[in-house]
Structures are given as C-alpha cells and as structure tokens.
Amino acid sequence: MTTVALSEPRKSGHLLRNIGFAALPALILLWSLADLTLGRELVEWLPYLASGFLMNVVISLSAMTLGTVVGTVFGILQLVPYRPVRYPVVAYVQAFRNAPHLVLIFATTYIFPFEIVVFGNYLPFPDWLKAVIGLAIPASAYVAEITRGAILSIPTTQWEAAKGLGFSRSQALRWIILPQCLRRSLPPWMNILASITMGTSLASLVGVHELLHAATDASTAVRRLDFTIIAYIVVMAAFFTLCYPIARLTRRLERRFNAGSRI
Amino acid sequence: MNMKTDDAIVRLEDVHLSFGQTEVLRGIDLTVNRGNAVSIIGPSGSGKSTILRCINALVTPQRGRITVGGTRVDQLATESERIALRKRVGIVFQQYNLFPHLTVLDNIVLAPTRILGVARGEAEKLARELLEKVRLSEKASAYPGQLSGGQQQRVAIARALAMKPELVLFDEVTSALDPETVGEVLWVIRDLIRDGMTSILVTHEMRFAEEISDTVVFTENGRIVDDGSPEEIFHAFDNPRIRQFVGGLAGGRGMERGEGI
Amino acid sequence: MNMKTDDAIVRLEDVHLSFGQTEVLRGIDLTVNRGNAVSIIGPSGSGKSTILRCINALVTPQRGRITVGGTRVDQLATESERIALRKRVGIVFQQYNLFPHLTVLDNIVLAPTRILGVARGEAEKLARELLEKVRLSEKASAYPGQLSGGQQQRVAIARALAMKPELVLFDEVTSALDPETVGEVLWVIRDLIRDGMTSILVTHEMRFAEEISDTVVFTENGRIVDDGSPEEIFHAFDNPRIRQFVGGLAGGRGMERGEGI
Amino acid sequence: MWDSGITSLFVDLTNRLGLNYEFLATGYEAEIWRDGFITTLYLIALLIPVSLIAGLLFAACLTSGRLWLSAPVRVFVEITRNTPTLVQLMFSFLVLNTFVSNLVGGAQNNPLTPFFWVVAVVGLHIAALHAEAIRAGIEAVPASTVEAARGIGFSKLQILRYVEIPLAFRASLPAIVNNLINLVKLTTVGNAIAVSEITYASIMVWTQRDNVVSLMIVILLFFSLINLVVARVGLWAERKLAVPGYGL
Amino acid sequence: DATLDRIKARGALTVGVILSGAPFGYIDPTSQTQKGYNLDIAKALADDLGVKLETVTVTPPNRVQFLQQGKVDILIANMQYTEDRAKVLDWVPTPYDRSGGAAVGRKDSGLKDWADLKGKPVCVSQGSNYTQPLIEQYGAEVKGLPSQPESLLALQGGNCVVAVHVGATLGLLLQDRPEDWKDYAILFPTELIPSDSVIWVRKGEKETAEALDKTIRQLHTSGKLLEFAKANRLSNTEYLEQERKTLSASK
Ligand SMILES: Nc1ncnc2c1ncn2[C@@H]1O[C@H](COP(=O)(O)OP(=O)(O)OP(=O)(O)O)[C@@H](O)[C@H]1O
Ligand SMILES: Nc1ncnc2c1ncn2[C@@H]1O[C@H](COP(=O)(O)OP(=O)(O)OP(=O)(O)O)[C@@H](O)[C@H]1O
Ligand SMILES: [Mg+2]
Ligand SMILES: [Mg+2]
C-alpha cells in the first residue's frame, strides 16, 4: 500500500499541484481587476512589498542552511558515547529548541552590537544577520533532533554490517546510515524549513524591513480595508511561492531515494 | 588438503557472554589454524552466530580471551583497533544485511573504495569478477529489494570477499541457496582457502560442512560439545548426541531410511 | 501417504509475470490437490517465491489464471476479496518478516485476535501450543531483534499456523534451521497435512522435499521444467538437468564423490 | 493569588537587578498578565491532543493511496505549512469569521470566538506537520514487513493501525516532539487576534512601560519550562516504546 | 555629551520613528519614503543641528532597545510622557504634540459617551495607551489587535462596538475614505486622555535633551510646528496654537 501512496496522484495530481501554485496569485489578480482602484494601489505598493520579501528570502535560506549543517552535526554528536561531548550538545539542543523564536531573535540585539568599529570606521552590523543567527539557532536544534531520530530508526543490523566490513563509526554514518536517514528526515526537515521561514516575519523585531511588516506599513498608509485583506493574501502568496517549490523538491527527492531501495 | 602451516590464527579461550539475563556463550574454547576451514554446527539458538560476532569484535564477551592473529580481540579498547581487525576479518551475515539504498555493485564496491582506498575502477573490476563467480553479473545494477533471497545472499558473500580478508566468517551462507548454487559457492570458497584464506563457517548443511571443513565443531547451549575432523563427526558418530542431531531430518526415527541422495 | 481426496485446491494456468523489464514467470502451470503437499525446487532466482506470492494475491500476474478453492485470484478486484482469500491461505516468508515492535507472542496472537476475532486468551493458548511445537516456549516475550535466525524463522511458522489456514505456502522455512529442528518442523507440518491442510513448500533441502511431498515441481527460469513424485524426481533422474541440480553440492565435477551422508 | 507583600518584595528585588516588574503592583496589567499564563496553558492542553488526533487522520489519508482522500489533505498540508500561521489566523478571524457572522445574521449570533480560531488554525497547522512526520515514518516501514501483514490477511486499515503507525510513530517521535514544541511556541500567534495569552499580555504591558527585557525573560522561562516538560515526556515515550534491533 | 558628539562626528542625526499611520508617520508608496508630522519634526531637528537626517523604523518592542544601544539617537515615536519611561530614559521637556483618543463606531450604535462602553468590546492597537483608562475608568472589554488596520477590520467585522485610536488619525480616515466609512462616525465629542508626546533620548544625555528642547521651543514660537501640523492635516491644532502663544509670551 505504501508503494501506491508513493507514486500517488499522478496525472490529476499534477494538475492539482499546479492549481495549488497558481490559485493565490490568480485570486489576487482577479480581485485587482474587478476593482481597478484597488489594483492600482496594489501595483503601487508591490515594489515596497517585494523589497521586504527579499529579506525574508535571504534570512530564511541562510538560517536554514546554517541550521541544517550545524544541526546535522549536533544530531550526530548527541549520540556520541563520550559524555563531555554529548552533554553540552544535548543541553544546547534542549535550551534552544525550547526557547521561543521571539526571544531568541530579540536576544541577538543584545548580544551583537548594531555597529562595529574597524579602524575608526563605523561598520554597521547588519540587522538581517542577527535575524539569521536568531533563527539558525532554533533551526539547528530542531534539525539535530530529527537527525538523532532518523539515526535511531535505522536497524542495528545495518551498523553491524558496516562495522563488519571495517567501516569506522563516522564512515558508517557518512556512507551507510545517513543516506538511509535522508528519506525519512526529509519531510520533517521540510516542516522545519516552513516554520523557520514563517519565523522570518519576526525579523522586524531587530529592525529588518521584511514582508509582513511592510504589508502592515502599506495597510496603514493606504487605509483601505479591502487593501488590508488583499495585502494578507499577497503575503501568503509570497511565502507560498518561496516554500512550495522547496516542498515539491523534497518530495521529488524522497521519491528518488525510494527507487527500488526498499527491502 | 592439509598442506597448511599449523599456527593458530584464531583462538577462543573460555569465552562467556550474556545478553542481559540470557547466557548465550558459556565457555567457548576454539582454535583455528591459518589456512584451515572450520565449520560450526549445532542447534538453532546455540550461539553460533554470536561466536562469529565475538571474533569480529562486534560484541565483547564478559569473560574469556579471544586472539585473532596475535591481537587480543577482547581487549581492544579503541575503535581504530577494532577497525584494523575488521579489515582483516570479513563476515557474511546470516540475514545478509545488504545496504538497501545501494545497488548490488555499490554494495560490493563501497568498502574497498572507502576503506582500503582502492580506485573505483579497480574495485569495480574485482566486484564484477566476484559477481561473475556467484553468477549474478546481470543483477549488478539491481537494488537489494529487487533480488530473490538467494541472490541477496550471494551479494553478501561477494561483498565480504571484495575486501580480500585473511579470515572470513561465514554465517549460514548457503541457507537460501539451492544445491547447485551451494556447489558453486563451495568451489569459490575452496579456491580462496587454497590461496591461503582461513574461514569459519556456521552451517546447517552437513554435506557442505563435510565437503569444505578441516575441522567440524558442534555447539550446544553455548558450549562446544565436540569437535573433530568431518570424518570423525559425521561418520564415526562416537557421540550419540551428534548422531541424533545430524540424523534429525529423518526424525530420529530412521537414519536407515534417510540414505536418500 | 496418498489417501487424500483428489480435487484441485490450487490451479495455476499459463501464469506470466514481469517486474518492469525482468520477466520472472513465463508460463507456470501447476495443480495442487486438497490435502497434498507440493514442493517447488529450482535454482535461486527462478521465481519460486514469486509463485507463492501470486497464489496469495500479493502480486498480480500480467497473464494467466490462478484459482484457489474456486476463487479466481487473478481477477480479485477489491482488497476485501483478497483479504478473504488470505485468511484461508497462510504464507511464511523466506525472510521471516516478523513485526519488529511486537514480542514473539504478540506476533503470533495479533492476526487471530484482530482478523478472526478470536478471544485473546484463546489465541494465546494456541500461540503457546505452537511455540511449544517449534520449541520456543521460553522466548514468548522476546522481541524479534533478540532472536537468532532459526528462532525467528520458527516464530514465522507459528505465526502463519496460528491462523489455521486451509492452505499454507512455506517459503524455505527450514533454511535457517539445523537438521534436528528441520526434523521437528517436518513432523509439525506432516501432522497438519494429516489433519487436512494443504501446503506448497519452496525448499532447497532435497531431503526435506522428499520426506514431505506428494509431488515435487522443478522450476527454472520462470518455467516448470519437470514434476512428479519425489521418487521420480530424485531417484529416477530421467531429467539430466535435475540430476545435475540435485547433485550440485558435489560441484557437478564428481557426483561419484559426493555420496557422503 | 499573589500576596501583595510578596509582590512588592519581588518588584524590589528585581528592580535591583535592573528589571522592571512594577506593573505587577497595579491593576489591570497585572491581571491580564496573570490571566495570560492560564490562557496559554489552557491553549496548550487543548491543542496537543487536537493536533495529534488530526495529524494521525491526515497521515492516514496521505498514505491511503486513494486520491480523493490524499489530494485534499495534501493541498491543505501544503497551504497551511507554506504560509505564515499569523496571517492565516488574522485572515480567518478578520475575514472568514466576518463571513460566518454575516451568514448567521450578525456578530452577536456568531459562536466562533477568537479562542476557537486559534485552536482551529494552530491545531490544524501542527496536525499537518505531524502528518508529514508520520508519513515519513510510514513510508520508511520496510515493504517486506507490510507485505507480511498483507499476506496474513490484514486490511489496509489494520496494517496502518497495527503495523505501520506503531512503527512510524516510534521512528518519527523526535519529529513529533519537535512539532509539539513548535506548537507550544505557536500559541503566541493568538496575540494577533487579541486572545489574551501570555505574549499578548506582555505586549500590552511593554508597549506602555518599555520593560521588554523583563517580560522577555519571563516569556523565555515560561515557555522553556513548558517545553522542557514536553521534551521530557517525549523522551520518556521514546525510551518506553523503544524495541531491540534499532539504532546503534 | 556623547550623543551630540556622535551626531556631529557622523554628520547625521538618527531618529527612530514609528509608522503608525497618517498624519504622524507613514510610507509614501510612490517615493517609498517616510512622511508625516513626526518626520517633518525630525527633519527640522536635523537641519537645526546642521546634519543629515537618517531614520530607522522602530516598533514598540525594540524602540527602547535601539535607543539604549545607540542604533538611534532619539525617538520620535508616539511615546507619551509617563513616569515609568522617565525612569529609564531622558526626554525633551517641551512636547511636540498633545493628542487624545477618539472612538469610531457605527452611527446607529446608540453610544453617546465613553461611559457607555462599560462591558462592551473595544478594539485598540496593541499597547495603545488608551487601554488603561478604557479598562480602569470605563470598564470596557479591550481587545488589542496588532495595528490600526487590523483593529479597524475587526470593528467592521462586528468584533467590537468601537475602535479607539489617536483622534487625528481617525478624523483623517473618515474624511479621506467616506465610502468605506459612511455608516461610521466619531461617536464621542471628547478625546480620551489627551497627553503629551515628547522626544526621548538616552538616560543622562541632558545636553542633547536641552539642545533639542531649544529647537522644539523655537519651532513652536516660529509657528513651524503649526505649519507642519497643517501640512499634514492634523485635525486638532488647539494645543499647538496655545503652546505657541504661551512660549512666545514667556520669551
Ligand atoms: N521487485 C522486483 N523487481 C525486479 N525484479 C525482481 C523483484 N522481485 C524479484 N525479482 C526478480 O525475480 C526473480 C525471481 O525472484 P524470486 O524471489 O521468485 O526467486 P526465487 O526462486 O524465490 O529465488 P531464491 O531461491 O533465491 O529465493 C529474481 O531474478 C529476482 O531478481
Ligand atoms: N540481542 C539479544 N538479546 C537477547 N538475546 C539474544 C540477543 N541476540 C541473540 N540472543 C539469544 O542468544 C542465543 C544465541 O543466538 P545466536 O544468534 O548466536 O544463535 P545461533 O546459534 O546462530 O542460532 P541460529 O542457528 O538459529 O542462527 C539465542 O537464544 C538468542 O535468542
Ligand atoms: Mg545464527
Ligand atoms: Mg525465494
């Protein structure tokens, strides 16, 4: 039955997926055309919104890249037999996974200066970098847990087989265990990516001009109720456009790892 | 078949091992000389697979000494020491344990390239030779999930042999094979032994044990009950327990009847 | 041994099946009468396991008819029809496929309680009886990950038998077992056949096949090459291919030599 | 519930540390702030079971192999996790809720409170995340194990119930705990539609008093504590459910 | 002192502004620049110091942090004088505006006075300083929404009977968008707690505060502030006119 589920909606599914992709933009377009004054306002504001969204893209992709790399390493270290290594990592994961993103991002404004002085020049410490760090930390904690879970769900016999061939622990991880983990950790990884991306709207807290804040600015300035609503839809469409292709990509990857590789 | 040097490559002395409450090995003594083939036979659950896993340092006994080619296996403290051992000692698992995410060829090639640093091309050449020997050339690019039981088992054999180990531990490597293929595998192993490889084989196939071994060891309940040349074990039958065990298929009721093939 | 009624319970006619490009079955014809035991022998990869999976509707052939007790298996359209079939047809897999998250007892009890609606107590009683028969009473609360290969295999046998099927498909159920235990399993199955159960067995153990079967079928390359009584297949040797196959262990080089046991 | 003597002592002590909790001594701010804790806890207690049950249902639909079950859930999963929950919530409350109000003839007849919308939006959002995690687990169940269950005569639903979900749940427990921890944090979006949970209360206070740091510390401690409990329970379940034969 | 030196050294005055809507602060879409009364004041202050103006958008949770950290030099961010704030920050004594809250609601709501709000749901922006009097004085049930647009949407969705915001903002809104708001009006004649908006500086930066205070007074007496207010269409300029008179007189 699982194999059926994997090759899931083929033809009609394809159509469905693309409808999913186009639905929100189509709604925005239709509405703007139906009420041209609204459409004009929207067109006027789009560059401002787009400039905000650029920050969301940059922050979310950087935070997630950083978080994935660090998190994978930490996930592995959580299973290391040496306590002096394991305990600090476990503590890190617990502390930063549990803390609200709001607090973590806010804390970065305290930890990092707003500018650094290099040879008498004031170099601003970019706000977006603070947001990246503030989000990469929880992302890494989440990824670490996912990685740990995936490693623990691989049958012991695979480790034995690897060891029996003379693989060291790290080689076995690299060549045998982690590749098998990939498939089962892709969907939860995508969950994290989505959560972290949505978390980028907290970046306004450190002074980043991002989409949600930009949309509020726009609504405040335009002072039209229908504009406020369409601004929400634009925000949703923008985030969807950012995340959905990645979600699709992960599902395609999942399917590729699946090819014949199941005993 | 006995033109081999007579130094012990494997020696187990009074090896005891428990999993939690279950006592699995209760004092195993076993010596295997270089270039020999030793078969371990015995009832299911008597600890045969566990003996092999001890020798390869996959489990550590609670008591006793294990020496493999001069190395005290039970005292290996670091992982790198264990790895050094395992490079010399191959193992084929009873349940194959192939890597499901790799094709047959990659399953075989992975260890030589990653661990021994053999060039990919060379490793592939050897892998294809081995696949040829176990008659699986046409399955090189299949995944384990697409193979029949016997095919998986043969891949597992090829995977272990690709590391060119001095000592190979075979855990019921012919269980999923038909007599004809067993015969072929027998010849492959025999050739390797002739080239100086030592091997320990766990098997339920008495014919196979007889054909291949210099010594046969009979285990029961975590102890070695008897050992000797195949001749002694299978034909002299001075041990009634072994007589009963080997004749088991005839149900103990009529060894006489079962002279069949 | 032939005091059985002679109606066919299983009939395969011209069954063809491919996995993608690989043609696995190329026209299988097979009839099994109620209360009989039929053994399928043949080289590794010749499609034996696949035949069993067809009979149990786990795979659907591309061509041909499969009838099991009046049901056209190849035409079953809905899952519930297939389930109805499978309740009557048990299968023991070559690689056991126990449920790793359940204890031995729960593995056996799960299906009778959940599918047949047998009361837990009753199902447990039967399960313990079966475990007794396969000599595993003391492992009732172990998990599959804690069992030796042969122990797992015996649990798989007990699991299938707990459903009290009319027809059981055994896929190399003695591969991980020592001769003695094989003998015991042989008696268990024989008893059940005496009670009216039909069975189809894939096996590489010629002695076992000979002991248990009414008919032996030889497959090669997805075709049935020969069939007949064990006597005909194993001793008359009118088919040189089978002669070679069965004598395989002696390496084809010296049937003469290998008269061993 | 908070003796005024203790309160003033607390305010004094924290003041010496440079923190400002003076609002605790005054009327409405202290009250909404204390209510905030209770509302947050209540939300969490309600949301955890809601998300788990809905998540299992979603996962079952996703892996059912039936298009009419999997496609709608798929669409929902992709929309809910790829758009900001905050906006979904505002949209639901400010737009959908108004629709509902109009349907039932005025806001006074509308039974749907902001609290309801938080539970619905956040609960289903996390359910979608659970569903993806469990789906990954289900698809990682070896085909041979599923085949064994089929061969014995289990129906699809029974396989799901007795084989796939138990195995998948074990494998994806860390991911599910991740989601639950996320859920705890996500209850804070309630502030956007004036559900008076703890961040809402804090925002109300800090915009007036600019004592953000003091309140952030409390938020940090409060959520860390709840999540510590969630994580501990998760770890306990993981150990409890562990079966031999997996992991290193 | 430090702030003044820094402003001089960098040649720029960095002002934290809040974009809570016209007429005080908002974004002009075509030029994508900040506009409004607060911005005009900021510009005037920078001109007076002879430096460039830089602005940073701030929000309630980060504004004090930004000021204390030095990311901004001063805050012109709708922050009224309160004793709490005075403990952590210093301020420019002369206010640049005085404003109070107005309540917008349906014309047919029948509400006549602030006291009629008792027990009724009232929408405000989160952290609005009208929360306290609404709750404590009038017993209203206050719902804080993230910002003014959401509050107004909630009002039109029937989630509250009135929305209370700065009078000037609401007046301008009803005036500019009569279509959307034809059923609505500013219900009560009086404004809720008219209070003084002041400029905030870091604690201890007395000199900066004094320097800025001089400029603000000057802007008052010269009529500049009134001019800014008119240009930005502040509805209630009573306070500014009065302040102009008293300050001019005291000179
Ligand atoms: N999923 C699959 N995809 C492609 N080929 C497959 C698949 N499953 C089985 N095969 C091929 O089908 C052939 C028959 O397989 P089957 O398991 O029936 O063999 P068998 O006779 O049982 O062999 P053995 O004795 O080794 O178990 C084999 O060559 C195998 O490689
Ligand atoms: N991880 C474990 N925990 C507990 N008991 C175990 C574990 N692994 C193996 N055992 C037990 O140890 C005993 C010996 O197992 P082993 O696998 O060595 O047997 P074997 O001789 O190889 O049997 P077979 O011929 O059936 O493969 C068995 O009784 C088994 O149940
Ligand atoms: Mg074994
Ligand atoms: Mg097979």
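General remarks:
- Interface residues, segment C:74-92 - accessible area loss of 50 Å² or more versus chain alone, probe 1.4 Å: C:E79, C:I83, C:R86
- Above 22 Å, the calculated P(r) of segment C:37-133 contains 44 percent of its Cα-Cα pairs.
- Alpha-carbon radius of gyration plus Dmax, which is the widest Cα pair, for chain C in Å: 18.5, 57
- Exceeding the 24 Å Cα-Cα cut-off - candidates E:K8/E:K71; B:K48/B:K139; B:K48/C:K48; E:K203/E:K224; E:K107/E:K230; C:K164/D:K156: B:K48/B:K139; B:K48/C:K48; E:K203/E:K224; E:K107/E:K230
- Share of carbon and sulfur in the accessible heavy-atom surface of segment A:36-255 [1.4 Å probe, %]: 73 percent
- The helix-only estimate of mean residue ellipticity at 222 nm for the protein assembly as shown, built from DSSP H runs of length n ≥ 4 each weighted as -39500 (n - 2.57), is -16000 deg cm²/dmol after division by the residue total.
- Förster-model FRET efficiency, 51 Å R0, A:V80 and C:K125, C-beta, rounded to 0.05: 0.60
- Label-to-label distance, A:N121 versus D:R34, with points set 7 angstrom from Cα along the beta-carbon direction: 5.6 nm.
- Between chain C and chain D, roughly 2100 Å² of accessible surface gets buried, counting both sides and using a 1.4 Å probe.
- Sequence-distant residues sharing a close amide H with E:G16 (under 5 Å, placed H): E:V56, E:D73, E:I74, E:L75, E:I76
- Each Lys and Arg Cβ is given +1 and each Asp and Glu Cβ -1; about its Cα centre, segment A:36-255 then shows a dipole of about 1000 debye.
- Cβ-vector label at 7 Å, B:G196, separations to other copies in nm: 6.6
- Accessible area (Å², 1.4 Å probe, nearest 10) - D:M216: 10 Å²
- Residues of segment A:29-58 whose accessible area, computed with a 1.4 Å probe over protein heavy atoms, drops by at least 40 Å² once all protein chains are present relative to their chain alone are A:E44, A:W45, A:Y48.
- Using a Förster distance of 30 Å, the FRET efficiency for E:E238-E:K43 (Cβ separation, nearest 0.05): 0.80
- Modelled this way, with points 7 Å down the Cα-to-C-beta line, the labels at C:D191 and B:E132 are 5.2 nm from one another.
- Accessible surface calculations at 1.4 Å, restricted to protein heavy atoms, place chain E at 39 Å² per residue.
- Overall shape: prolate for segment B:123-165, with the ratio a/c of the largest to smallest alpha carbon gyration tensor axis at 1.5 or above and a/b above b/c.
- Computed from backbone phi, the HN-Hα couplings of segment D:64-77 come to 6, x, 9, 4, 5, 8, 6, 4, x, 5, 4, 4, 4, 4 Hz, rounded to whole numbers (Karplus: 6.51 cos²θ - 1.76 cosθ + 1.60, θ = phi - 60°; Gly and Pro given as x).
- Point-to-point label distance, B:H16-A:A23, nm (Cα→Cβ direction, 7 Å offset): 6.8 nm
- Fraction of beta bridges assigned by DSSP in chain E that are antiparallel (%, nearest 5): 60 percent
- Normalising by residue count, the protein assembly as shown has a Cα convex hull of 204 Å³ per residue.
- Fluctuation leader among D:G137, D:G105, D:G234 - chain D, Gaussian network, Cα springs under 10 angstrom: D:G105
- Within segment E:139-205, GluC sites (Glu not before Pro) in DSSP loop having at most 11 other beta-carbon neighbours inside 10 Å: E:E179
- Across all directions, the shadow cast by the convex hull of segment E:1-143 built on its C-alpha atoms averages 10.8 square nanometres.
- Copies compared at B:F19 - label distances in nm, ascending, label defined 7 Å from Cα in the Cβ direction: 2.8
- Each copy carries B:Q75; placing its label point 7 Å along the C-beta direction from Cα gives inter-copy distances of 7.5 nm, listed from smallest up.
- GNM flexibility winner over chain B from B:G196, B:G90, B:G20 (Cα, springs under 10 Å): B:G20
- Take every pair of alpha-carbon atoms less than 8 Å apart whose residues are at least six positions apart; their mean separation over the length of segment D:25-239 yields a relative contact order of 30 percent.
- Most mobile listed residue (B:G42, B:G27, B:G247) in chain B, GNM with C-alpha springs under 10 Å: B:G247
- Rounded to the nearest 10 square angstrom, D:R161 shows an accessible area of 140 square angstrom against a 1.4 Å probe.
- Remark: for residue pairs C:K87/D:K240; E:K112/E:K143; E:K35/E:K120, the C-alpha separation exceeds 30 Å in C:K87/D:K240; E:K35/E:K120.
- Cα pair count fraction exceeding 27 Å, expressed as % - segment B:124-258: 29 percent
- Comparing each chain alone with all protein chains together (probe 1.4 Å, DNA, RNA and ligands left out), the residues of segment C:208-230 losing at least 30 Å² of accessible area are C:E211.
- Across every pair of non-identical alpha carbons in segment A:36-255, the mean reciprocal distance, once inverted, gives a Kirkwood radius of 19.5 Å.
- E:K143 long-range amide H proximity, modeled H, under 5 Å: E:V122, E:C123, E:V124
- Residue-level result for chain C: its Cβ closest to the axis carrying C onto B, with that distance in Å, is C:S175, 2.
- Association of chains D and A removes close to 5400 square angstrom of accessible area from solvent, both sides included, for a probe radius of 1.4 Å.
- Computed E for E:A2/A:R248 - FRET, C-beta separation, R0 56 angstrom, nearest 0.05: 0.55
- The Cα atoms of segment D:25-239 give a gyration tensor whose axes a ≥ b ≥ c have a/c of 1.5 or more with a/b no greater than b/c, which makes the shape oblate.
The values are calculated or read from the model by the stated rules, or taken from the named source; none is laboratory data. These numbers were taken from a predicted model, which means no experiment stands behind them. Here Cβ is always computed from backbone atoms with ideal geometry, including for glycine, and neighbour counts include all displayed protein chains. For accessibility, only protein heavy atoms count, side chains too; no ligands or nucleic acids. Shrake-Rupley method; radii C 1.70, N 1.55, O 1.52, S 1.80 Å.
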